[in-house]
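J.: If you scroll down you'll find the structure; I have some questions about it.
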Amino acid sequence: MTSSDNETQHQHFPEDHGRIADRCIMVIFGASGDLTSRKLLPALYNLCRGKLLPPEFAVIGFAIDQLSEEEFRKRTRNDIREYAGAPDDCPLCNSIADRCFYITGDFKTAADFVKLKDRIAELDARYHTRGNVLYYLATLPQFISEIIRQLGDQGLTAEDPGVWRRIVVEKPFGSDLESAKALNHEIAQTLKETQIYRIDHYLGKETVQNILIFRFANGIFEPVWNRRYIDHVQITVAECLGVERRGGYYERAGCLRDMIPSHVLQLVSLTAMEPPISFRADAVRDEQSKVLHAIQPISPEDVLTRAVRGQYNGGTMDDGHVLDYRHEEFVDPHSSTETFVALKLLLDNWRWADVPFYIRTGKRLPKRVTEIVIQFRRAPFVLFRDTPVDKLTPNVLVMRIQPDEGISLSFGAKIPGAHVRVGGVTMDFQYSDYFGAEPSTGYERLLYDAMIGDATLFQRADMVEAGWSVVEPVLDVWKALPPRTFPNYEPGSWGPKEADELMRRDGRKWRTE
């Protein structure tokens with residue numbers, strides 16, 4: 001393949017939709033925060049660079065910080081240069097900054113939402129956005145209900161024919177099942193479900209989106225994607241960093257709340273779902289919801305054997321000293337908050353009966369990696385009984401979500417020579433090799449989809465509640481039985497020894513390559 005051929009295969013975000021985003025105003029609540037600087041503004045720049053933002057577009061930042069519009073625009077230029085790699089005096093960067101506006105406001109003050117209403121009307125007339133508004137709640141969770149109520153009181157969520165108003169909500173969506181149900185109920189007083197876009201940035205990664213294409217567009221995989229051929233599934237979401245400066249948030253949430261109901265169970269549902277009747281949003285989410293509801297409830301007794309928690313100790317990692325969790329900033333020195341979780345899940349449905357899903361996530365692990373591992377059943381050994389081969393290694397399919405997005409498949413092949421010997425071979429595909437590596441924050445696709453009204457990659461209310469239902473029994477038991485051995489794993493290890501025992505009891509082991 002020539003270089004010019006290869007260039008034609010490079011993908012520039014979601015250009016395959018064949019349309020640019022709908023004209024709209026994007027209002028960012030919490031616009032002075034880290035999420036806006038590191039993710040949202042660079043993502044808008046990348047979309048603009050991919051010719052996916054319309055000329056009829058503007059941004060309104062809304063936050064408590066006292067900033068002038070010129071200061072906000074200066075921040076915007078600096079953030080895009082630092083986090084999206086834009087060159088100095090970049091015309092696209094300047095174009096976005098010039099369309100950025102700012103309101104100093106309090107989420108609890110009605111008068112500030114009146115100012116927002118007036119500014120939206122002014123910019124709608126200037127940029128001809130036809131009344132379309134995308135609200136992005138880049139705020140702490142406790143402000144979600146209040147912001148939505150204030151928007152509703154000012155008529156800023158009302159949709160006329162041909163006009164849309166959508167709200168993107170960042171996780172965490174609730175802190176347990178009861179609070180998630182309450183939040184859904186509160187929001188439903190103001191918004192229709194079709195207006196709510198509960199975002200999970202993991203789903204913006206190409207490999208996550210490719211799970212459906214990989215499964216349903218390739219005839220060789222879907223026929224074996226079931227209990228007859230698959231021994232078990234492993235899902236790992238590992239981070240080598242500690243909690244950094246998020247100790248205050250982490251103390252309230254913990255690893256289980258922070259990662260499992262959102263990120264990890266989304267990966268489970270995409271891996272295990274039945275083929276949808278189409279790629280329409282609700283068709284896909286219907287099948288995901290069925291998977292979440294099919295996860296076998298974990299009884300309080302089973303929590304003791306099917307759930308593992310850990311907290312990292314201090315020590316040496318990557319040739320440097322790292323603090324134990326209890327000595328991180330804003331953390332209780334006697335904290336019982338978990339920084340590692342491993343679970344064994346079972347699905348009560350025909351496709352996955354008796355196929356365990358092992359999931360683990362944690363901080364201060366050996367490397368940053370997110371991957372889905374499909375381990376197939378071993379082939380019968382009878383044919384090799386009278387050969388030098390002493391065992392057969394199972395085929396393993398690995399879908400790497402980050403950092404090196406790609407897919408690999410391992411299988412056995414004969415080692416050259418006079419005797420029958422089997423060696424392991426791996427076929428490996430990396431996105432960057434085939435489609436190029438475009439700068440990405442992981443938010444480009446999600447923002448674009450919200451602007452065109454495609455909710456496929458966003459969670460519905462029933463999915464959120466089903467996810468919390470899975471972890472609720474674990475939360476209850478762990479709350480009643482404080483851990484006795486924290487801290488119980490060293491930095492740079494793969495977690496506490498109990499996580500290995502969770503697999504060893506079933507005659508299996510974690511993939512650690």
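The values are calculated or read from the model by the stated rules, or taken from the named source; none is laboratory data. Note that this is a predicted model, so its numbers are computed, not measured. We place every Cβ from the backbone using ideal geometry, glycine too, and count neighbours over all the protein chains shown.
J.: Can you tell me which residues in segment 153-169 are of a type in the set (D, E, K, R) and surrounded by 19 or more Cβ atoms within 10 Å (Cβ to Cβ)?
T.: Within segment 153-169, the first condition is being of a type in the set (D, E, K, R), and the residues that meet it are 153, 159-160, 165-166.
Correct list: Arg165, Arg166.
For every residue, the table says whether it meets (1) under 19 Å from Gln402 (Cα atoms); (2) assigned to a helix (DSSP H, G or I).
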| position | (1), (2) |
| --- | --- |
| Thr190 | no, no |
| Leu203 | yes, yes |
| Leu212 | yes, yes |
| Pro223 | no, yes |
| Arg227 | no, no |
| Asp231 | no, no |
| Val237 | yes, no |
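J.: If you don't mind, another one. Just to be sure, is Val243 of a type in the set (A, V, I, L, M, F, W, C), under 21 Å from the mean Cα position of the chain (by Cα), surrounded by 16 or more Cβ atoms within 10 Å (Cβ to Cβ) and part of a loop (DSSP other than H, G, I, E, B)? Please lay out each step first, then the result.
T.: Details: of a type in the set (A, V, I, L, M, F, W, C): yes; under 21 Å from the mean Cα position of the chain (by Cα): yes; surrounded by 16 or more Cβ atoms within 10 Å (Cβ to Cβ): yes; part of a loop (DSSP other than H, G, I, E, B): yes.
Spelling it out, Val243 is indeed of a type in the set (A, V, I, L, M, F, W, C), under 21 Å from the mean Cα position of the chain (by Cα), surrounded by 16 or more Cβ atoms within 10 Å (Cβ to Cβ) and part of a loop (DSSP other than H, G, I, E, B).
J.: Condition (residue is surrounded by 16 or more Cβ atoms within 10 Å (Cβ to Cβ), part of a loop (DSSP other than H, G, I, E, B) and either modelled with pLDDT of 95 or more or among the charged types (D, E, K, R) (or both)) applied to segment 462-480: is it met by at least one residue?
T.: no
J.: Turning to a different aspect of this structure: Is it true that Ile220 is at pLDDT below 95, assigned by TED's automatic domain parsing to the domain that holds Ala342 and over 17 Å from the mean Cα position of the chain (by Cα)? Quick ask: steps written out before the conclusion?
T.: Details: at pLDDT below 95: yes; assigned by TED's automatic domain parsing to the domain that holds Ala342: yes; over 17 Å from the mean Cα position of the chain (by Cα): yes.
Judged against the criteria, Ile220 is a match.
J.: Quick one: what pairs do we get from segment 172-195, first residue among the acidic types (Asp, Glu), second assigned to a helix (DSSP H, G or I), C-beta under 7 Å, 6+ apart or different chains?
T.: Matching pairs, first to second residue: Asp176/Trp468; Asp176/Glu472; Asp176/Leu475; Glu186/Ser145; Glu193/Ala461.
J.: From the set of residues in segment 17-54 that are free of Cβ contacts under 8 Å to residues at least 40 places away in the same chain and more than 21 Å from His201 (Cβ to Cβ), which is surrounded by the fewest Cβ atoms within 10 Å (Cβ to Cβ)?
T.: Once the filter is applied, the top-ranked residue is Gly18.
J.: Next question. Restricting to segment 318-327, name every residue that is touching a residue at least 24 places away in the same chain (Cβ under 8 Å) and surrounded by fewer than 24 Cβ atoms within 10 Å (Cβ to Cβ). Full working, then the answer.
T.: Let us first name the residues in segment 318-327 that are touching a residue at least 24 places away in the same chain (Cβ under 8 Å), namely 318, 322-326.
Listed by number, the residues that qualify are Asp318, Val322, Leu323, Asp324, Arg326.
J.: Would you kindly identify the strands (runs of 3 or more DSSP E) lying entirely within segment 352-411 that contain at least 1 residues that are under 18 Å from Pro223 (Cα atoms) and modelled with pLDDT under 95? Walk me through how you get there before you give the answer.
T.: On the way: elements: 357-362, 369-376, 396-402.
Fully inside segment 352-411 and qualifying: 369-376, 396-402.
J.: Among the residues of segment 114-143, write down those that are β-branched (Val, Ile, Thr) and either over 30 Å from Asp258 (Cβ atoms) or modelled with pLDDT of 95 or more (or both).
T.: Val114, Ile120, Thr129, Val133
J.: Those residues that are farther than 17 Å from Glu371 by Cβ and either in contact with a helix residue (DSSP H, G or I) (Cβ under 8 Å, 6 or more places away or on another chain) or not assigned by TED's automatic domain parsing to the domain that holds Asp354 (or both), I need them from segment 230-246; list them, please.
T.: Once the filter is applied, which keeps residues that are farther than 17 Å from Glu371 by Cβ and either in contact with a helix residue (DSSP H, G or I) (Cβ under 8 Å, 6 or more places away or on another chain) or not assigned by TED's automatic domain parsing to the domain that holds Asp354 (or both), segment 230-246 yields Gly242, Val243.
J.: Could you list, in sequence order, all residues of segment 176-189 that are buried (at least 19 other Cβ atoms within 10 Å of the Cβ) and either out of contact with any helix residue (DSSP H, G or I) (no Cβ under 6 Å at 6 or more places or on another chain) or within 29 Å of Asp22 (Cβ to Cβ) (or both)?
T.: Leu183, Asn184, Ile187
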